[in-house]
1. Using a Förster distance of 30 angstrom, determine the FRET efficiency expected from the C-beta separation of Asn28 and Phe8, and round it to 0.05.
2. So what is the calculated 222 nm ellipticity per residue for the chain, using -39500 (n - 2.57) for each DSSP H run with n of 4 or more, over all residues, to the nearest 500 deg cm²/dmol?
3. Using a cut-off of 16 Å between alpha-carbon atoms, which aspartates and glutamates can reach Lys48, once sequence neighbours fewer than 8 places away in the same chain are excluded?
4. Please return the longest stretch of the chain lacking exposed loop sites, where chymotrypsin sites (Phe, Trp or Tyr not before Pro) count only if DSSP places them in a loop and at most 12 other Cβ atoms lie within 10 Å.
5. Taking the alpha-carbon distance from Lys76 and a cut-off under 23 Å, which lysines remain once sequence neighbours fewer than 8 residues away in the same chain are dropped?
6. Under 12 Å from a point placed 7 Å out from the Cα of His39 along the Cα-to-Cβ direction: which residues of the range 69-103 have their backbone N that close?
7. State the label only: which of (1) 2, 12, 20, 19, 14, 7, 5, 4, 3, 3, 3, 3, 2, 1, 1, 0, 0, 0; (2) 2, 13, 19, 20, 16, 12, 9, 6, 3, 0; (3) 2, 12, 23, 27, 20, 10, 4, 1, 0 corresponds to P(r) over Cα pairs in 5 Å bins from 0, in percent computed from the shown model?
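None of the figures in this text is laboratory data; all of them are computed from the coordinates on show. Nothing here was measured: the structure is a model prediction, and the numbers come from that model. Quick reminder, even Gly has a Cβ in these numbers, built from the backbone with ideal geometry, and neighbours come from all protein chains shown.
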Amino acid sequence: MRLHLVYFRPLPPVVKGRKRRQQLILDNLMVMAEQGLRHMGFQAPDAKDLRKLMRLYARSSRRFREGIWTVEYLMKYPTFFDAKWHLAEFIAQRRDLKELPEQ
């Protein structure tokens, strides 16, 4: 009679905190949008309004209304100038923005 013992390593713990991950993505989108607005010469809206717009953008991109500019694509290329420009255009179409003062 033979006895074979096998050890299976336990699975890694399930990463919990979907809400925290989503908040981090929104924070990154907000930073990208602020940089894009600064390049366009506009002042960013207040943080609460900008976060609301980024949630709107995430919802819109999940439904593929934004073309290739999905949230996953933006997170993959956070320094891509066109991505920041696209976010700034998205905000500019929905809000009346103040121009930055000349320095």
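1. Numbers: r = 37 Å, r/R0 = 1.24.
Efficiency at R0 = 30 Å is approximately 0.20.
2. -18500 deg cm²/dmol
3. Asp27, Glu34, Asp96
4. Segment 9-63 is the longest.
5. Within the straight-line cut-off, Lys76 pairs with Lys16, Lys19, Lys52, Lys84.
6. So the set is 78-89.
7. (1)
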